[in-house]
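In what follows, a structure is listed as structure tokens, so that the remarks can point back to it.
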Amino acid sequence: MTDLLVTGVAGFIGSNFVYHYLRRYPDDTIIGIDALTYAGNLENLASLPEKEKTRFRFVKADITDRQAIENIFRKHPVEGIIHFAAESHVDRSIHDPGSFLRTNVLGTGNLLDQARKYLKGGQFLQVSTDEVYGTLGATGSFSESTPLDPHSPYSASKASADLLVKAYFDTYGLPVFITRCSNNYGPYQFPEKLIPLIIRNALNHQPLPVYGDGRQVRDWLYVDDHCNAIDLVYRKGTPGGIYNIGGNNEWENIEIVKLIISLLQEETGDLGINESLIRHVQDRPGHDRRYAIDSTKIRSELGWKPEISFPDGIRSTIKWYLTHRDWVEHVISGEYQLFYQENYGARLG
Ligand code: NAD
Ligand code: DAU
């Protein structure tokens with residue numbers, strides 16, 4: 001029996017992928033690895049049904065640790081890799097680029113080396129991001145042939161990793177895929193990212209920080225739709241291929257914030273959750289103005305399309321956060337509080 005190796009399983013998208021995969025493939029098994037950084041919480045996987053838990057093994061490991069990763073390949077027959085593990089928050093990359101280079105570039109390089117040695121025909125899927133393409137003006141969208149033009153240390157580290165992945169395909173024939181998705185939202189997203197941060201602050205009647213004029217545009221996709229797309233590319237994609245994933249669902253940040261306020265007010269009846277909480281704060285340096293994804297390739301080649309409409313997805317996400325307030329407080333109880341106070345506290349209120 002072989003395992004699918006999934007990295008970053010204790011994070012937002014990685015944990016959602018584990019639920020998705022074990023539910024969909026009742027005979028398959030996963031070996032999940034994660035370094036359990038501030039963003040990784042095993043609690044995210046606690047709701048796996050008992051039957052599915054038996055098909056999931058967790059190993060705490062840092063992807064930059066050569067020996068630890070090699071040990072995993074030696075002990076467990078691995079059939080392929082889905083690689084989510086990363087430092088993922090743009091604001092943190094501005095304060096501490098080094099950890100992004102370490103994990104996102106060197107860690108990916110280490111995994112590729114071990115994959116080349118041990119996979120024996122198995123496939124490697126690199127979960128990348130639309131941010132590698134940089135920023136758009138008022139019109140147009142990113143296609144797979146848009147040149148790489150990253151602006152933050154985060155996106156530059158992801159672009160570097162993507163180039164390494166491509167090099168292992170071109171040089172060694174390792175069967176790889178690269179997926180580049182737009183902004184995800186849904187359960188288990190760490191509350192430093194826009195949507196869960198706004199939900200938490202609003203529920204606590206705390207200021208809602210909007211960077212600059214708030215007119216930056218993001219293309220939002222429900223996390224399950226991203227997981228479906230990754231699954232499809234891994235099973236049916238063309239090795240060496242890049243696949244853009246997006247929901248055709250562009251929103252200005254300020255409009256997302258206002259939408260969350262109105263939905264929260266409706267759900268809770270709390271009139272203290274209102275637009276007077278919004279604070280326009282100093283803009284993010286190098287802030288990309290607009291992202292929009294052209295996902296024609298994955299739609300026409302593999303038949304993918306989003307299944308969850310934005311009105312349904314955002315409402316169910318808000319309900320999830322309302323019923324998981326303990327989870328939110330638990331996951332931010334440590335190092336994140338300090339980071340937030342030091343870097344953003346002074347700008348608020
Ligand atoms: P996340 O920050 O929620 O989770 C990342 C996980 O990786 C955490 O569990 C963390 O502990 C783990 N990790 C970090 N460094 C590690 C290391 N050195 N070794 C092992 N594990 C390590 O991130 P996410 O939002 O779930 O993103 C997952 C992937 O998807 C990332 O590669 C990201 O670039 C990509 N992506 C995210 C989005 C989005 O909107 N969130 C969109 C497109 C692509
Ligand atoms: O596009 C895909 C990317 O989406 C992923 O690769 C990243 O891992 C993921 O973090 C996300 O990056 P963004 O920078 O777009 O997401 P974030 O939630 O940090 O911010 C969304 C937008 O909201 C962005 O324009 C910055 C703005 N923002 C964010 C925060 C946290 C605010 O105005 N206020 C905030 O407090």
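Of the conditions (1) within 23 Å of Ala156 (Cβ to Cβ); (2) modelled with pLDDT under 95, Val90 fails just one. Which one is it?
(2)
Looking at Arg235, is it of a type outside the set (A, V, I, L, M) and open to solvent by 40 Å² or more (accessible area, probe 1.4 Å)? Explain how you work it out, then say what you get.
On the way: of a type outside the set (A, V, I, L, M): yes; open to solvent by 40 Å² or more (accessible area, probe 1.4 Å): yes.
In short, yes.
Could you check Asn104 against (1) within 16 Å of ligand 2 (Cβ to nearest atom); (2) open to solvent by 10 Å² or more (accessible area, probe 1.4 Å); (3) not hydroxyl-bearing (Ser, Thr, Tyr) and say which number it fails?
For Asn104, the failing item is (2).
Could you look through region 189-228, keep only residues that are part of a helix (DSSP H, G or I) and open to solvent by 20 Å² or more (accessible area, probe 1.4 Å), and pick out the one that is nearest to ligand 1 (Cβ to nearest atom)?
Leu194
Filter region 217-255 down to the residues that are over 16 Å from the mean Cα position of the chain (by Cα), over 14 Å from Phe310 (Cα atoms) and not charged (D, E, K, R) and list them by number.
Within region 217-255, Val217, Leu232, Val233, Tyr234, Gly237, Thr238, Pro239, Gly240, Gly241, Ile242, Asn253, Ile254 qualify.
Between residues in region 302-319 that are in contact (Cβ under 8 Å) with a residue 12 or more places away in the chain and residues that are surrounded by fewer than 17 Cβ atoms within 10 Å (Cβ to Cβ) and basic (Lys, Arg), which pairs lie under 6 Å by C-beta distance while being six or more apart or on different chains?
What qualifies is Leu302/Lys236.
Tally the residues that are touching a residue at least 24 places away in the same chain (Cβ under 8 Å), open to solvent by 20 Å² or more (accessible area, probe 1.4 Å) and of a type outside the set (D, E, K, R), restricting the search to region 66-84.
Qualifying residue count, region 66-84: 3.
Out of Leu232, Leu197, I need the residue that is within 20 Å of Ile254 (Cβ to Cβ) and either touching a residue at least 12 places away in the same chain (Cβ under 8 Å) or near ligand 2 (Cβ under 9 Å from one of its atoms) (or both). Which one?
Leu197
Is it the case that region 252-261 has a residue that's among the aliphatic types (A, V, I, L, M), within 9 Å of ligand 2 (Cβ to nearest atom) and under 17 Å from Leu322 (Cα atoms)?
Within region 252-261, one or more residues are among the aliphatic types (A, V, I, L, M), within 9 Å of ligand 2 (Cβ to nearest atom) and under 17 Å from Leu322 (Cα atoms).
Quick check: anything in region 56-75 within 15 Å of ligand 2 (Cβ to nearest atom) and modelled with pLDDT of 95 or more?
No.
Within region 110-117, identify whether any single residue is within 12 Å of ligand 1 (Cβ to nearest atom) and surrounded by 20 or more Cβ atoms within 10 Å (Cβ to Cβ), and answer yes or no.
yes
I'd like the residue in region 1-38 that is small (Gly, Ala, Ser) and more than 16 Å from ligand 2 (Cβ to nearest atom) and, out of all such residues, is least open to solvent (accessible area, probe 1.4 Å).
Narrowing region 1-38 to residues small (Gly, Ala, Ser): 8, 10-11, 14-15, 32, 35.
Within this subset, residues satisfying the condition of being more than 16 Å from ligand 2 (Cβ to nearest atom) are 32, 35.
Numbers: Gly32: 0, Ala35: 36 Å².
Per the stated criteria, the residue is Gly32.
Being under 23 Å from the mean Cα position of the chain (by Cα) and either away from ligand 2 (no atom under 16 Å from the Cβ) or surrounded by fewer than 18 Cβ atoms within 10 Å (Cβ to Cβ) (or both) is the filter here, so list the residues in region 153-167 that pass it.
Leu163, Leu164, Lys166
Please state which of the following conditions Ile30 fails to meet, knowing it meets all the rest: (1) under 13 Å from Phe84 (Cβ atoms); (2) under 16 Å from the mean Cα position of the chain (by Cα).
Condition (2) is where Ile30 drops out.
The values are calculated or read from the model by the stated rules, or taken from the named source; none is laboratory data. The model shown is predicted, which means the values in this text are computed figures rather than measured ones. Virtual Cβ from ideal backbone geometry, glycine too; neighbours counted across all protein chains shown. These accessible areas exclude ligands, DNA and RNA; they are computed on the full protein's heavy atoms, side chains included. Shrake-Rupley method; radii C 1.70, N 1.55, O 1.52, S 1.80 Å.
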